[in-house]
Amino acid sequence: MAANISYGSGIPSDAELRLCGDVSGAKRAVELGVSEWFNSLEFAGSGAKAIAVDPDPEKIAEMRHRAERAELTVQCLQADLADLGDITSATVEVVVASHTIIDVEDLGRLLRQVHRILKPSMPFVIAVPHPFAEVNAGHPYGSTARTIGDWFTALGRSNFRVDQVKELGVSPTEPIPTTLVLRARKEGS
């Protein structure tokens, strides 16, 4: 069963985009940074062994509270997003970071840790504000956020292969995409 993961307000969920795959049968699924949509609850409700990682104790406490109220089990780890040492290598089927790794300074370290915990060929799904959305005369492309090329380069250097790129949020009133969603698969072991 696929989890109905959210990638942003007004953005199609994973029920439509189908980037995470089937997580039922206690497959291990990590929410890297607790998003405002609490995607770990969706993973747990779909039959996954959900793990939420966040450095903020308040977000972890809120996740625990929501999981308890929903009668779901979510393993909550209060840790730096690039410190995934509590998760055994090559044991995770999917990692999702929905608007939670935008400001990570050492992106390479974070990507190496995600690569370590994922099983081979499994997906890492990243949603961020589209880097073109903030472009104007005072803020040229790439001056305020990582570009699409920056994401591709960082993922490639960490032995990920991007196989899906979604530029979402375009509408009759919003001609520029608001959200970039990338699915990258772990290569190697």
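Before we move on, is residue 111 under 20 Å from residue 152 (Cβ atoms) and touching a helix residue (DSSP H, G or I) at 6+ places or on another chain (Cβ under 9 Å)? Judged against the criteria, residue 111 is a match. Taking the criterion of being open to solvent by less than 30 Å² (accessible area, probe 1.4 Å), touching a Leu at 6+ places or on another chain (Cβ under 6 Å) and not β-branched (Val, Ile, Thr), the residues of the stretch 82-109 that qualify are 82, 97.
Taking the stretch 158-189 as the range and being more than 14 Å from the chain's Cα centre (by Cα) and small (Gly, Ala, Ser) as the test, the residues that pass are 158, 169, 171, 188, 189.
Of the listed requirements (1) in contact with a Leu (Cβ under 7 Å, 6 or more places away or on another chain); (2) under 19 Å from residue 165 (Cβ atoms); (3) not polar (S, T, N, Q), residue 41 misses just one: (2). Restricting 188, 149 to those that are out of contact with any strand residue (DSSP E or B) (no Cβ under 8 Å at 6 or more places or on another chain) and either open to solvent by 50 Å² or more (accessible area, probe 1.4 Å) or over 16 Å from residue 102 (Cα atoms) (or both) reduces the list to 188.
Scoring residue 121 on the criteria (1) at pLDDT 95 or above; (2) open to solvent by 10 Å² or more (accessible area, probe 1.4 Å); (3) more than 22 Å from residue 164 (Cα to Cα) leaves a single failure, condition (3). Residue 114: open to solvent by less than 20 Å² (accessible area, probe 1.4 Å), in contact (Cβ under 8 Å) with a residue 24 or more places away in the chain and part of a helix (DSSP H, G or I), yes or no? Here the answer is yes, as residue 114 does meet what is asked. Inspect the stretch 133-144 for any residue being surrounded by 14 or more Cβ atoms within 10 Å (Cβ to Cβ), within 17 Å of residue 81 (Cβ to Cβ) and of a type outside the set (Gly, Ala, Ser) and give the result as yes or no. No, the stretch 133-144 contains no residue that is surrounded by 14 or more Cβ atoms within 10 Å (Cβ to Cβ), within 17 Å of residue 81 (Cβ to Cβ) and of a type outside the set (Gly, Ala, Ser). Consider the stretch 1-20 and keep the residues that are part of a loop (DSSP other than H, G, I, E, B) and hydrophobic (A, V, I, L, M, F, W, C). The one that is modelled with the lowest pLDDT is 1. Against the numbered list (1) in contact with a helix residue (DSSP H, G or I) (Cβ under 6 Å, 6 or more places away or on another chain); (2) over 18 Å from residue 7 (Cα atoms); (3) open to solvent by less than 30 Å² (accessible area, probe 1.4 Å), residue 79 comes up short only at (1).
The values are calculated or read from the model by the stated rules, or taken from the named source; none is laboratory data. Predicted model, so just to flag it, every value in this text is computed and none were measured. Neighbour counts run over all protein chains shown; Cβ positions are idealised from the backbone, glycine included. What goes into the accessible areas is simple: the full protein's heavy atoms, side chains included, and nothing from ligands, DNA or RNA. Shrake-Rupley method; radii C 1.70, N 1.55, O 1.52, S 1.80 Å.
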